[in-house]
């Protein structure tokens, strides 16, 4: 391995080790948790309490008596009703420019959304998906219900 | 006979399929809390509906079938009651000004700081975001740094009065979000401010 390659590799390691990626993972905080609320991260499900951090990649779910409210770093507010499964697919927010992207999927259940600074800055930045539809958000408040009618 | 049974089963399947939609999806645009209503596009299997009126709704019973319509406020509250009840408190914003060329808040802003502290005490798991702003004098990168420095000064103030430092996030928005719009390079004291957002 040439020296310049070693230097390049070291530089690559350094860029990934800077605080950026760790902070970038933090997407929001749970502000409301009623009944059974769980966060699945890296295959592990743990009960979630008020104050818990939500990261990109997390899947938040509620039980039959559960509901959860999350405030994101760009001031987006997402809250889910009972028997809901919400995946935070992607979250990136530059607090100086307000650029970034926020993608989430409601796999089943109900969801109330108040969009935040990302959607205000650029209409393409925020997307909410369900198994049947993709929602484009133009700075707004809206409600989503999805799933099998039996549920 | 076997073929007949097969046909009957198929017919039954079709009937059931028609009687019961595969999905029960409902999408509703709500009026904004600030009185403005945004817009929502609902796209399913190449079909799209644009919702841009309060309580405009779209139903998707099968992928690719988007039925536009409306719901009443009451219907929305009924179908989404628990999700709406779990909505976190809206972020509250407090704006502080400094005495010119001094490291001290104006008397009004000292009062505002008190109101911000009350709001922090009221919230569950409160986060405090301190956002610095500048006017448009000077280059953008310079103002980014300056706005962050202003925010850090207010953060120090909050720590002094007992707010845990790890609950406070500082952001510098530079000259991008003037309170009073001006052309570039215009001095405007009302734009040299720090916002405390409590959420």
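The values are calculated or read from the model by the stated rules, or taken from the named source; none is laboratory data. Computed from a predicted model, the values in this text were never measured in an experiment. Methodologically, a virtual Cβ is constructed for each residue, glycine included, from the backbone with ideal geometry; neighbour enumeration extends over all protein chains shown.
Laid out as a table, the results:
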| quantity | calculated |
| --- | --- |
| Residue within the stretch A:42-58 that is in a loop (DSSP other than H, G, I, E, B) and in contact with a helix residue (DSSP H, G or I) (Cβ under 9 Å, 6 or more places away or on another chain) present | yes |
| Condition broken by residue A:106, with the remaining ones in (1) closer than 15 Å to residue A:56 by Cα; (2) touching a helix residue (DSSP H, G or I) at 6+ places or on another chain (Cβ under 9 Å) satisfied | (2) |
| One residue from B:182, B:134 being in contact (Cβ under 8 Å) with a residue 40 or more places away in the chain, buried (at least 20 other Cβ atoms within 10 Å of the Cβ) and farther than 30 Å from residue A:51 by Cβ | B:134 |
| Any hit, the stretch A:85-94, residues being in a loop (DSSP other than H, G, I, E, B), surrounded by fewer than 23 Cβ atoms within 10 Å (Cβ to Cβ) and more than 7 Å from chain B (Cβ to nearest Cβ) | yes |
| Looking only at the stretch B:137-170, and only at residues there that are touching a residue at least 24 places away in the same chain (Cβ under 8 Å), within 28 Å of residue A:77 (Cβ to Cβ) and more than 26 Å from the chain's Cα centre (by Cα), the one that is surrounded by the fewest Cβ atoms within 10 Å (Cβ to Cβ) | B:161 |
| One residue from B:154, B:129 being assigned to a strand (DSSP E or B) and either at pLDDT 95 or above or under 15 Å from residue B:96 (Cα atoms) (or both) | B:129 |
| Selection within the stretch A:132-151 - modelled with pLDDT of 95 or more and either more than 8 Å from chain B (Cβ to nearest Cβ) or over 23 Å from residue B:63 (Cβ atoms) (or both) | A:141 |
| Candidate set from the stretch A:50-72 (those that are facing chain B (nearest Cβ under 9 Å) and closer than 16 Å to residue B:123 by Cβ); member that is surrounded by the fewest Cβ atoms within 10 Å (Cβ to Cβ) | A:51 |
| Filtered residues of the stretch B:164-181 (kept if in a helix (DSSP H, G or I) and within 12 Å of another protein chain (Cβ to nearest Cβ)) | B:166, B:167 |
| Test result for residue A:120, more than 9 Å from chain B (Cβ to nearest Cβ), assigned to a strand (DSSP E or B) and either free of Cβ contacts under 8 Å to residues at least 40 places away in the same chain or farther than 28 Å from residue B:177 by Cα (or both) | no |
| Total residues in the stretch B:78-87, condition under 19 Å from residue B:59 (Cα atoms), part of a helix (DSSP H, G or I) and facing chain A (nearest Cβ under 10 Å) | 3 |
| Test: residue in the stretch B:33-43 that is more than 9 Å from chain A (Cβ to nearest Cβ) and farther than 30 Å from residue A:31 by Cα | no |
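Okay, residues lined up against (1) within 14 Å of another protein chain (Cβ to nearest Cβ); (2) at pLDDT 95 or above; (3) part of a helix (DSSP H, G or I):
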site: B:89; (1), (2), (3): yes, yes, no
site: B:137; (1), (2), (3): no, no, no
site: B:148; (1), (2), (3): yes, no, yes
site: B:162; (1), (2), (3): no, no, no
